[in-house]
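Single-structure report; data block below.
Just so you know, all these numbers are worked out from the coordinates, no wet-lab data involved. Computed from a predicted structure; not experimentally measured. Neighbour counts run over all protein chains shown; Cβ positions are idealised from the backbone, glycine included.
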Amino acid sequence: MPSLHKDPRGKSPFWYCAFQTSDGTRHFKSTKTSDKRQAQQICDTWAKVSALGGKLTPEKARQVIAQGVADVLMSSGQTLPSVTIREWSKRWLESKALEAEPRTHERYESSLRRFLEFLGGKAGEDLDALKVNDVLRFRDYVAKRLSVTSTNMDLKVLRACLYAAQKQDLVEKNVAVKVDTLKQRGENKRRGFSLAEVSRVLKRCNEVGGEWRGLILTGLYCSPYIKIVFGLLFLFINA
């Protein structure tokens with residue numbers, strides 16, 4: 001059992017914690033606090049971690065430490081800020097609705113909805129539980145289904161969302177900034193329509209009716225390249 005002690009030499013005002021690790025080794029460490037309640041919470045946390053021994057995983061260690069910190073804060077009348085991934089995403093979107101254009105806000109919402117769906121049950125966990133690997137797997141998941149541009153946009157939206165959480169001290173670091181955006185493979189060039197394709201489009205316009213044929217022809221004739229071609233044809237005909 002862990003126990004608290006004062007410095008037997010009387011040289012330190014802090015409480016000391018005596019505890020034993022799973023291998024039987026005894027430890028005597030300063031809690032760095034003169035508040036006995038806080039010192040007890042710190043000592044209990046050290047003892048819990050030590051008792052886990054070989055069963056201690058990084059995730060389990062973070063849980064014990066987080067709970068220990070929360071207990072220490074509670075003992076002094078404070079609370080540890082906490083929010084789930086889903087709750088923060090919703091809160092951030094609501095704040096962006098006040099400053100972003102409707103279309104931009106829709107894009108943010110679409111990106112975060114995709115992210116929460118990908119996380120599944122983990123979206124209900126604390127925001128601090130989000131790891132770099134979660135973001136990396138999400139990026140690759142989106143890249144297999146959407147374009148590189150859309151994938152990078154989702155990642156940038158997530159970065160902005162987590163940056164805002166970091167500014168409010170809800171997370172210590174923004175894990176999304178550690179995930180690189182994807183590079184475009186080759187050049188993404190657009191070619192012009194061939195005459196056969198234009199003919200098919202106009203044929204479809206005739207079938208549909210309405211103003212589509214006029215709109216297509218306006219776009220066709222207003223193209224700088226097409227105007228040059230028609231100018232040359234006019235000169236040739238009238239030569």
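Between residue 83 and 127, 128, the built amide H atoms are under 5 Å apart, and every one of these is 5 or more places off in sequence or on another chain. Relative to the 2.2 N^0.38 Å rule of thumb, the stretch 89-147 has a C-alpha radius of gyration ratio of 1.21. What the phi angles of the stretch 16-33 give under the Karplus curve with 6.51, -1.76 and 1.60, with θ = phi - 60°, is a coupling list of 10, 10, 10, 8, 10, 7, 4, 8, x, 6, 8, 10, 9, 10, 6, 7, 6, 9 Hz, glycine and proline written as x.
Sort 4-16, 155-167, 112-124 for me by packing, meaning the mean count of neighbouring Cβ atoms within 10 Å per residue, highest on top.
The peptides rank, most packed first, as 155-167, 112-124, 4-16.
With the simple spin-label model, which puts each label point 7 Å out from Cα in the Cβ direction, the residue 181 to residue 156 separation comes to 0.5 nm.
Which FRET efficiency value, to the nearest 0.05, do you get for residue 94 and residue 7 by plugging their Cβ-Cβ distance into 1/(1 + (r/R0)^6) with R0 = 35 Å?
Numbers: r = 52 Å, r/R0 = 1.47.
Working from the Cβ atoms, E equals 0.10.
If the chain linking residue 197 and residue 110 were pulled fully straight, counting 0.36 nm for each residue of separation and taking away their Cα-Cα distance, it would gain 28.0 nm.
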